[in-house]
Amino acid sequence: MESSKELARRFGLERYLYEPDALNEMIFKLMMLQETIQMEAAQKVKLHAKNVIVKRSVHGKYVAHCRGDGKYRYAVETALRASTTVIPVFQRSRFVRMLCDMGLSDGIRAEYCDTLVIDDDTHCFDPE
C-alpha cells in the first residue's frame, strides 16, 4: 500500500499534503462539477436509448483518527463524524479503454460517455 506522499507525488498533488482544507474544498468543487455535468448529460439522453444500470453495494468501514487533549474528545469526535463521508469514484479513462478493448466504435463509446450519470445513494450508518 502506498503512502500519502507517494500517492500525492504520483498525481502531482504534493501541495495538498500540507493544505488539507484546500484539498477538501477542491474535492467539494469537483463533486459539484461532476453533478452539474451529469445533470446536463442526463438532459441530452436520447429517447430511443436503453439505460444500462450497474449497482454496486458498499459495506465495511473506514477509520478516521487523531490525537490531542482528551477534554476536547466529544467536539473532535463530532467534527470527525461530520467531516467524513463515502463517495463513489468513476474512472472515465478506464471505462473508455475497456469499451475500446471490447470493440465498441468511437460513436457508441461517445454516446455512452456523454450520457453517463452516477447517482450516489451511499450512506454511512453510525450505530450511535
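The values are calculated or read from the model by the stated rules, or taken from the named source; none is laboratory data. Bear in mind that the values here come from a model prediction, so they are computed numbers and not experimental data. Here the Cβ is made from the backbone with ideal geometry for all residues, glycine too, and neighbour counts use every protein chain on show.
Numerical summary
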{"quantity": "Residue identified as within 19 Å of ILE118 (Cβ to Cβ), small (Gly, Ala, Ser) and either part of a helix (DSSP H, G or I) or modelled with pLDDT under 80 (or both) among ALA49, ALA75", "calculated": "ALA49"}
{"quantity": "Yes/no for SER57 being small (Gly, Ala, Ser), under 30 Å from CYS113 (Cα atoms) and under 23 Å from the mean Cα position of the chain (by Cα)", "calculated": "yes"}
{"quantity": "Number of the exception - PRO88 against (1) surrounded by 10 or more Cβ atoms within 10 Å (Cβ to Cβ); (2) free of Cβ contacts under 8 Å to residues at least 40 places away in the same chain; (3) not β-branched (Val, Ile, Thr); (4) not in a loop (DSSP other than H, G, I, E, B)", "calculated": "(4)"}
